[in-house]
Amino acid sequence: MGFTAMGFFFILFPEDESTIITKNKQKTNLSSLKSIKHSNSTHLFPKAQFIISICVLLIFITFLLFTISTCEPSPRTQLSKSKFPPFQQHALQGMGTLYRKGTRSMSDLIVAHVIESVTLQELKLFTKLIYRSKISSKSDILFIFPIKSIPFENTIVEENTSFLKLIHGYKDNSSNIDPTHFLISSNKANRSEEPIWGRKKQSNFREEDDNKTESTRFSYGSVVGFYADELDPENSLSGFMDHVSMNLRRWACYPMLFGRIRRNFKHIMLVDVKEMLVLGDSPSRVKNLSHDSVLVFRRKNFQKNHKKQANPEIIIGGLRGIRRLSNAMLIEIVRESMQHKKKNSVTESTLFNQLVGNEFIMKNVELISGESIVELSSLTELDKKTVSLLISKFSIIRRGNSNVDIISVFKKYLCSFPLDSTVYSDC
């Protein structure tokens, strides 16, 4: 019996050439990749440093610009830039625009409403005269606009520039403006509080002037502006009439405005920019009267009976009295508009006269009947001499339906003085 031995032969075949080449390539690529990564990391590190440096530099520049923009400029810089705060600065609680921050807190406020038909030249004359008057040394001025108007805003700022040049550049009799109206003792100025308008200063409020002495400083109020949509965002009267004119809508703007400033002012003047010109210190008439008092002026009704009517275009009184009057007027507008089939038949003058004649509704308001206001249309002649007399004698005048070019006459008068002619751009 024979056994056949079976042997197992293990034959080890070497890797083929292609496999060897592939592995060699992989090793080569791996080593190359490592080399590249090392090379890239070597080059990327300084690039990263450069990018980080640029970012840090940009952050620093942004912070620097923000700091510069929020810092109050020095007095000398303020004077050279007409002492205007940033044009975008809000006037109060995120609303309105601050055109000029006054030198101190004022007890009186002039609320001037700008109706739709007011022209740029009419606003310019109104602003020019009220800036120059004694009233602006002790009152803040607040404009209510129907819509946003850059030309109107620029006019207010431009006239402010001219006004500051006048009071700082006054010499002898080169201007008819009296700078003594705008002077206040340093002790009184230092005791004064900061105006409520705009951003608050970090340090104690003090207004420095280039021309100040040790005993005197300049005193003038702030100038701010609001749009009707800010104070009456819902256009409250639109549901009662087809078209709400500005001389009616302003009564819907007052509640929010007076509610926000009720603890800051004692006396209020409501004035129509279109019809009235403020030349003097009108609120002084109610200075010693109660907070509930309201002074209502009269105007002649040029009809056969010549009956004098209450004038809604100019009203002065204590803040509490003005608030009550304005609230009652708003209710009267709504009530009358609901009773009339024709929604646009309601007129401000008719409603205002009905209101002030109703003793029951006005029982909480101390109404005082003022004198008739001088109308320029009643003057037989309006020249330089007449204008000078008006400015020196009257605190307020009414334009009226005059055929005389009032704007040209007043401009000619103001431009007749050497300093004024160089300060005003329209001379």
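The values are calculated or read from the model by the stated rules, or taken from the named source; none is laboratory data. Keep in mind the model is a prediction, meaning the values are calculated, not measured. When we count neighbours, we look across all protein chains shown, and the Cβ atoms used for this are built from the backbone with ideal geometry, even at glycine. Just the protein is used for accessible areas: all its heavy atoms, side chains included, with ligands, DNA and RNA removed. Shrake-Rupley method; radii C 1.70, N 1.55, O 1.52, S 1.80 Å.
Annotations
- Some residue of region 279-288 being modelled with pLDDT under 95, surrounded by fewer than 18 Cβ atoms within 10 Å (Cβ to Cβ) and of a type in the set (A, V, I, L, M): no
- Note on region 410-427: residues that are open to solvent by less than 50 Å² (accessible area, probe 1.4 Å) and closer than 22 Å to Val271 by Cα amount to 1.
- Enumeration of residues in region 371-389 that are within 32 Å of the chain's Cα centre (by Cα) and surrounded by 18 or more Cβ atoms within 10 Å (Cβ to Cβ): Ile373, Leu376, Val387
- Residue count, region 109-141 (criterion: more than 26 Å from Ser245 (Cα to Cα), outside any loop (DSSP other than H, G, I, E, B) and of a type in the set (Lys, Arg)): 2
- From the list Ile135, Ile156, Ile144, Ile177, the lone residue that is under 18 Å from Ser219 (Cβ atoms) and touching a strand residue (DSSP E or B) at 6+ places or on another chain (Cβ under 7 Å) is Ile135.
- Set Ile144, Ile177, Ile156: member being of a type outside the set (D, E, K, R), part of a helix (DSSP H, G or I) and buried (at least 19 other Cβ atoms within 10 Å of the Cβ): Ile156
- Of all residues in region 102-132 being surrounded by 23 or more Cβ atoms within 10 Å (Cβ to Cβ) and hydroxyl-bearing (Ser, Thr, Tyr), the one that is nearest to the chain's Cα centre (by Cα): Thr127
- Hits in region 257-278 (condition: in contact with a strand residue (DSSP E or B) (Cβ under 9 Å, 6 or more places away or on another chain) and surrounded by fewer than 17 Cβ atoms within 10 Å (Cβ to Cβ)): Arg260, Lys266
- When Leu351, Leu325, Leu367 are checked against the criterion of being free of Cβ contacts under 8 Å to residues at least 24 places away in the same chain, open to solvent by less than 70 Å² (accessible area, probe 1.4 Å), on the phi < 0 side of the Ramachandran plot and in contact with a strand residue (DSSP E or B) (Cβ under 9 Å, 6 or more places away or on another chain), Leu351 stands alone in meeting it.
- Residue that is surrounded by the fewest Cβ atoms within 10 Å (Cβ to Cβ) [pool: residues in region 390-409 that are modelled with pLDDT of 90 or more and over 20 Å from Ser372 (Cβ atoms)]: Ser408
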